[in-house]
Amino acid sequence: MAHEIVEQNGGVDSLILLGLRTRGVPLAHRIERAIAAFEQADVPCGELDITLYRDDLLAGQVRPLQESFLPTDVTDMKVVLVDDVLFTGRTIRAALDAVMDYGRPRSIELAVLVDRGHRELPLRANYVGKNVPSSRDESVSVRVTEIDGNDEVVIMRSAEVRESRTWRSVS
Amino acid sequence: MLKTSAAVNGHVTTPSAVERHPWTGRRHVLDLDDFSRDEIEEVLRTADRMKDVLARPIRRVPSLRGRTIVNLFYEASTRTRVSFELAAKNLGADVVNIAASGSSVEKGETLLDTARTLRGLGADIMVLRHPDSGAPYTVARHTDLSVVNAGDGLHAHPTQALLDAYTIRERIGRIEGLRVLIVGDILHSRVARSNAWCLARLGADVTFCGPPALLPPTSVSDHDRAPWPARVDLHLDHAVEGVDVIMPLRVQLERQDGSRLASLRSYARDYGINRARLARAASHAIVMHPGPMNEGVEIDADVAHGDRSVVQQQVTNGVAVRMAVLYLLTAAVRAAAVTDAEEAQKPAAKSGNATNGRKA
């Protein structure tokens, strides 16, 4: 996925990775390290908390706010948002609004580890690690070593584990 | 003093296995005496993030879009009213400001009728400043508005205490174990009371100091049973020794009946914070003031504007802290409403088919 991002953008010039909290953040840093390894180039990598932009504050959950960190001004940069699971698209809609309140990027792209379908908005990812067809009543959760102690994607139905697969690398 | 029932104050506890946010169940912010340490710390953490928002080129997020917040002020105020207004607007809420003069209050409409009218017009949260102690409790009890107390009589001013705590933490780095000295007209000060609750809950050691006639009588007669979690010291030069925070209160000339205060000059001599007294405090000590200041009375001009003064920071932090309070309260109230609706549905649809889509 890191190779694809560099290829599509014709190099690492003006590139900035923004991981969406929570699990997009370690994934963004992995892409950053992968690019550093094969390109010998440092790509700025930030962290975005989009809680204040969600459209479900009124849907009944008190969410603690987390820190956002943008290493550079995003104006005129090519932003790549990184998240773990793409589902309805509402998180990404909120992230687009959040990024634009920080500045005016030249472009915004989206990289996700898992696309599970069921979009509720006209959005698609530019880079997808794996398409995982799922049904709406399943939950698809990505676990990463940095937060959860291991790397795996867990698909659960009605609180019971039905299938569990493991990917070792995101690049 | 005013006693409040749990039903009015918030915390209707519903048992739940999922991790509970500290604000779960809260419906109002009336005073800090019913706040847990976790709840207060959640305000401070959230205010950090709100400060990040205020540092951006676009100082606004859409979090409270579609909510209506009414500021109803029965007393004069600049910083509190403007601070609440900006806080609500920065969160994307619609804001209506009402001053008692120029509204139907002048025609004799009661507080409750006014509150019900505003609820009828679509208000979700009422930010209320009122000269009567306890007025916000009345509105909380008899309407279904969420109420934020912006100062009620001699009773409480919770958001001022929260922004003071935030400012102390920002400047000194912690609150636990600090010695905080609040000086002046404690008897008439809602700021002193709310600060005592807040800072004591966060582990600070709070002392009240002032002319005996302006101290709460019970605290003088019996230190251990003071009605607020604070000690009392009658001698400023002794009390100020080594403290980390000094907070002179405004001499509230509008609340004096003339019998308690000999003269402003003798007050300044005995209880005014000047450079000599500041020198007796800890070397890192900061000076706070809830404003507006009577320079030359409770605080000397060179202290008020000196490098140890955090008065300007207090005003600036007020917006971030009030954004945090409005955000947390809205989220908590909505969460409670959704939980209630689910509870009401439970007998019909048995558990099992809930949608599991955790991530959008």
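Rule-based calculations on the coordinates, nothing more; no lab input. As the structure is a computational prediction, the values presented were derived from the model and not from experiment. Here the Cβ positions follow ideal geometry from the backbone for every residue, glycine too, while neighbour counts run over all protein chains shown.
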message = Quick check: net charge around B:ALA100, other residues with Cβ under 9 Å of its Cβ, Lys/Arg +1 and Asp/Glu -1?
response = -2
request  = Sort the following peptides by mean Cβ neighbour count (other Cβ atoms within 10 Å, averaged over residues), highest first: A:37-48, B:261-272.
outcome  = A:37-48, B:261-272
ask   = Taking chain B as a Gaussian network, where each spring joins two C-alpha atoms under 10 Å apart, which residue of B:ALA320, B:ALA165, B:ALA341 fluctuates the most?
value = B:ALA341
key: Neighbouring partner chain Cβ atoms per residue of B:55-63, average, 10 Å criterion   = 5
inquiry  = Just to confirm a number: summing +1 for Lys and Arg and -1 for Asp and Glu over residues other than B:GLU170 whose beta-carbon lies under 11 angstrom from that of B:GLU170, what do you get?
reply    = +2
remark   = Taking N as the residue count of segment B:159-311, its alpha carbon Rg divided by 2.2 N^0.38 Å gives 0.94
remark   = Residues whose built amide H sits under 5 Å from the amide H of A:LEU18, excluding neighbours closer than 5 in sequence, are A:GLY46, A:VAL80, A:LEU81, A:VAL82
ask   = Counting DSSP beta bridges with both partners in the protein assembly as shown, what percentage is antiparallel, nearest 5?
value = 20 percent
inquiry  = Out of all Cα-Cα pairs in chain B, roughly what percent, to the nearest whole number, are more than 39 Å apart?
reply    = 17 percent
query = Share of antiparallel DSSP beta bridges in chain B, in percent to the nearest 5?
reply = 5 percent
task = For segment B:302-320 and segment A:15-41, compute the distance between their C-alpha centroids and round to whole Å.
result = 40 Å
task = Collect residues whose amide H, placed 1.01 Å from N in the peptide plane, falls under 5 Å from the amide H of A:PHE69; neighbours closer than 5 in sequence don't count.
result = A:GLU47, A:LEU48, A:ASP49
inquiry  = Averaged across A:79-85, how many Cβ atoms of other chains sit within 10 Å of each residue's Cβ atom?
reply    = 1
task = Using the Karplus curve 6.51 cos²θ - 1.76 cosθ + 1.60 with θ = phi - 60°, work out ³J(HN,Hα) for each residue of segment B:102-110 in order, rounded to whole Hz, and write x for Gly and Pro.
result = x, 10, 5, 4, 5, 8, x, 5, 6
key: Under 12 Å, Cβ to Cβ, from B:ASP237 - net charge with Lys/Arg +1 and Asp/Glu -1   = 0
message = How would A:ARG143, A:ARG54, A:ARG124 line up from fewest to most surrounding beta-carbon atoms within 10 angstrom?
response = A:ARG124, A:ARG143, A:ARG54
inquiry  = Under 8 Å for C-alpha pairs, at least 6 residues apart: give me the relative contact order for chain B, rounded to a whole percent.
reply    = 18 percent
request  = Treat the count of other C-beta atoms within 10 Å as a stand-in for reagent exposure and order B:PHE73, A:PHE69 from fewest to most.
outcome  = A:PHE69, B:PHE73
query = In vacuo Debye scattering of the protein assembly as shown, one point per C-alpha: log10 I(q)/I(0) at q = 0.09, 0.11 Å⁻¹?
reply = -0.75, -1.01
ask   = Taking one equal scatterer on every alpha-carbon of segment A:2-134, how large is log10 of I(q)/I(0) by Debye at q = 0.09, 0.11, 0.12 1/Å?
value = -0.24, -0.36, -0.44
key: Peptide B:210-216 - average C-beta neighbours from other chains (10 Å radius)   = 0
Diffusion constant of segment B:38-180 at 37 °C, which comes from Stokes-Einstein with the Kirkwood Cα-pair radius and 0.692 mPa s, µm²/s = 200 µm²/s
Chain B, helix-only ellipticity at 222 nm - DSSP H runs n ≥ 4, -39,500 (n - 2.57), divided by all residues, nearest 500 = -12000 deg cm²/dmol
ask   = What order do you get for B:76-88, B:239-251, B:106-118 when each peptide is scored by the mean count of other beta carbon atoms within 10 Å, highest first?
value = B:239-251, B:76-88, B:106-118
message = Using C-alpha positions alone, give me the convex hull volume of segment B:21-63 per residue in cubic angstrom.
response = 92 Å³
request  = Rounded to whole Hz and in sequence order, give me ³J(HN,Hα) for segment A:63-72 from the Karplus expression 6.51 cos²θ - 1.76 cosθ + 1.60, θ = phi - 60°, writing x for Gly and Pro.
outcome  = 9, x, 7, 10, 6, 9, 9, 10, x, 9
key: Sequence-distant residues sharing a close amide H with B:ILE273 (under 5 Å, placed H)   = B:ILE299, B:ASP300
request  = Take the alpha-carbon centre of segment B:69-97, take the same for segment B:132-182, and report the distance between them in whole Å.
outcome  = 16 Å
DSSP beta bridges in segment A:2-134 [antiparallel fraction, %, rounded to 5] = 5 percent
note = Sequence order, segment A:80-86: Karplus ³J(HN,Hα) from phi using 6.51 cos²θ - 1.76 cosθ + 1.60, θ = phi - 60°, Hz rounded, Gly and Pro as x, gives 10, 7, 10, 9, 7, 10, 9
